[in-house]
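Coordinate-derived values only; no laboratory data. All of these numbers come straight from a predicted model, not from anything done at the bench. Here the Cβ positions follow ideal geometry from the backbone for every residue, glycine too, while neighbour counts run over all protein chains shown.
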Amino acid sequence: MGARVILADDHVLVRQALKSLLEREGFEIVGESSDGHEAMRQADSLQPEIAVMDISMPMLNGLEAAREMRLSAPKTKIILLTQHYEEQYLSEALEAGVKGYVLKSQAASDLIHAISRIQRGEVYLSPGVSAAVVEAYCSRSGRSRDRLTARERQVLQLIAEGKSTKELAGVLGISTKTAESHRTRLMQKLDIHETATLVLYAVRRGIVQP
């Protein structure tokens, strides 16, 4: 029997297509989700061998979900599906512990190839990710890392998605007062004092899509 897999993508049609593709290849789809939070919960409870996730998801993007899964489901190997080939996204993915980086512009067979390689303990990058981009990542030295904590990045994404303080509190399961404190500290840390500028920062960091 093939590996147990969870799928995370906020587009139902994409999930259905991925499920059909993987099941034809003998993989067992044990969970589906439309956002990063649910994907994290499924990885924690189901402990699948493989998680296939879109980078761009609401509430919690694929990169942040991958960082959390590395702690809660360390045996789950993560493949990110993306339209981005820029070094910024690739470096964030590799630092998050992602084992596969598959471009959506590639053929469906690329995902199957990625899973096969990853099951053998390798890291897989789509052919569309140029050697120059990989070399740029590997040769980085002394580049400053993101100053934000995982919780701060979650708060940033929710604010950039237009969530109010009350909605932010509901998503994170905290009080409105605590949510407001998170928002204030985030803006102080980044020295950003307008929500519009905060959204622009989130876009430039790849935390949300424009």
**Study point:** Ordering of 23-33, 43-53, 185-195, 59-69 by burial proxy (mean other Cβ atoms within 10 Å per residue, highest first)
**Key:** 59-69, 43-53, 23-33, 185-195
Exercise for review: Using all C-alpha to C-alpha distances in the chain, build P(r) with 10 Å bins and read off the rounded percent in each one.
Suggested key: 8, 34, 35, 18, 5, 0
Check your understanding: Can you count the Lys pairs in the chain whose Cα atoms are under 24 Å apart, with each pair 8 or more apart or on different chains?
Key -> 12
Revision key, fill the gap. Once both label points are put 7 Å beyond Cα along the C-beta direction, the residue 194-residue 21 separation in nm becomes 4.2
Exercise for review: Name the shape class, rounded, prolate or oblate, that the alpha-carbon gyration tensor gives for segment 150-204, where a ≥ b ≥ c are the square roots of its eigenvalues, rounded holds for a/c under 1.5, and otherwise prolate holds if a/b is larger than b/c and oblate otherwise.
Suggested key: prolate
**Study point:** Segment residue 180-residue 203, length gained on full extension (0.36 nm per residue, minus Cα span)
**Key:** 6.1 nm
Practice item. Report the full-extension gain for the segment residue 13 to residue 166: residue separation times 0.36 nm, less the Cα-Cα distance, to one decimal in nm. Key: 52.0 nm
Review point. Considering the chain as a Gaussian network with a 10 Å cut-off on Cα pairs, which listed residue, 164, 72, 91, attains the greatest mean-square fluctuation?
Key: 164
Revision key, fill the gap. Between residue 112 and residue 149, the FRET efficiency computed from the C-beta separation at R0 = 45 Å comes out, to the nearest 0.05, as 0.80
